[in-house]
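The values are calculated or read from the model by the stated rules, or taken from the named source; none is laboratory data. No experiment lies behind these values; they were computed from the predicted model shown. Every residue, glycine among them, receives a Cβ derived from its backbone with ideal geometry; neighbour counts consider all protein chains shown. Calculation scope for accessible area: heavy atoms of the full protein, side chains included, ligands and nucleic acids excluded. Shrake-Rupley method; radii C 1.70, N 1.55, O 1.52, S 1.80 Å.
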Amino acid sequence: MAILGIGADIVLIPRVFAFLQRRGPEKLAHRILSDVELVHWDASRSGSEIKLEDARFLAVRWALKEAAYKALYPNYRPTWKDLTYYPLGAIKLGSKPVLSFKYQQDLSFHCSVTHDGDYVFATVVVEK
């Protein structure tokens, strides 16, 4: 397999939190999350109060999808909903985080995401 691209992105969590307070969390969630991610989003929310965990949940996915887009462009141009993030252990116990591209099964994604303090940082390497 050859490396198709490498992407990185950083997101400021308080900026996402402020957006959620201004516009409401559902607008952003429905814009950037895939159907699978929306199920996890709905399960993780309790009540109508916006929490920092909500902002972190969306910031992680925003950063990973932005990094993936940078790694894929110009060969592919995925939409937000074409990419799905499965966090650590979501696929099977002890599994690494996984990013999948709905329409391109022949690509292999290697992703890393970290959040510390106010920031989320993501990197994605795509192989074909």
Selection status of F121, crowded, with 18+ Cβ neighbours inside 10 Å and under 23 Å from L12 (Cα atoms): no
Mind checking which residues of segment 102-118 are surrounded by 19 or more Cβ atoms within 10 Å (Cβ to Cβ) and touching a residue at least 60 places away in the same chain (Cβ under 8 Å)? L107
Please specify each residue of segment 1-12 satisfying the condition of being within 13 Å of the chain's Cα centre (by Cα) and either open to solvent by 100 Å² or more (accessible area, probe 1.4 Å) or farther than 17 Å from F121 by Cβ (or both). I10
Subset of segment 13-35 [exposed (fewer than 15 other Cβ atoms within 10 Å of the Cβ) and either under 16 Å from the mean Cα position of the chain (by Cα) or not small (G, A, S) (or both)]: P14, R15, Q21, R22, R23, E26, K27, H30, R31, D35
Quick one: count up the residues across segment 84-101 that are surrounded by 15 or more Cβ atoms within 10 Å (Cβ to Cβ) and either among the acidic types (D, E) or over 17 Å from H40 (Cβ atoms) (or both). 1
Here are the criteria: (1) open to solvent by 20 Å² or more (accessible area, probe 1.4 Å); (2) within 18 Å of G5 (Cα to Cα). Tell me which single one A63 does not satisfy. (1)
